[in-house]
Each structure stands twice: as C-alpha cells, then as structure tokens.
Amino acid sequence: EYMGLAHLILNLLAQIRIGSDIENVAGPWKMALMYFLSGIGGNIFASLMDSFSFSCGASTSIYGLVGVHVVDVFQSWPLLENKRAAMIAICCEVFFTLFIGVL
C-alpha cells in the first residue's frame, strides 16, 4: 500500500536519482544490501518508536540511501572538485526526501 500517487512517483524518482549514484560507486549487490537493510531497519525502528503509526513502502530505504550518500560525500570531501555543488545536492536530497515524507 502506498500513501498516494504523488508519494509513489516521488519515491521512484528519489530511488532512481540517489540509488543510481550509489550503485555506480558501490556496485549493484552492495547497493541492494544497503537498500534492503535500511528499509527493514528503518521500518523496525519506526514501529519501535511509535507502534500506532505506519511507514510506507520504500521511504525508509530512501532515507537510508540519503544517509549513505551524505557519508560518501563527507568521506570523499578532500577529493571533491566542487564542494559547493556537493553540499547543494545533499541539501536538496534531504529536503526532497523530507518533503516526500509529509505527503
């Protein structure tokens, strides 16, 4: 079940945008492992925090991928040619995923 068509489409766009970047760096198997572990872990954590609420589909997986991307940017910070663009991209991803969460 999903929260609505807009939520579904935005989740799909986030998966394509963030997931493809991570997959290019880490490879498909590690990307899949990160995706599924963050989804399962995020849903378990959410249910432990509030057993009366529900989380929807891939949202927790996407939050995990954003976290992986943030860590990747900070670990490769000295090697980045355009640090400002990297920070803008991270801020946009965080804002975008939080926006999806309130739909």
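The values are calculated or read from the model by the stated rules, or taken from the named source; none is laboratory data. What you see is a predicted model, and the numbers here were worked out from it, not measured in a lab. Positions of Cβ are generated from backbone atoms using ideal geometry, with glycine treated the same way; all protein chains shown enter the neighbour counts. Note: accessible area is taken over every heavy atom of the protein model, side chains too, but ligands, DNA and RNA are not part of it. Shrake-Rupley method; radii C 1.70, N 1.55, O 1.52, S 1.80 Å.
A few remarks follow.
- Of the helices (runs of 4 or more DSSP H) lying entirely inside the stretch 5-83, the ones with 2 or more residues being within 15 Å of Val94 (Cα to Cα) and open to solvent by 50 Å² or more (accessible area, probe 1.4 Å) are found at 5-26, 59-75.
- One residue stands out among those in the stretch 84-103 that are touching a residue at least 40 places away in the same chain (Cβ under 8 Å) and of a type outside the set (Phe, Trp, Tyr): the one that is most open to solvent (accessible area, probe 1.4 Å), which is Leu103.
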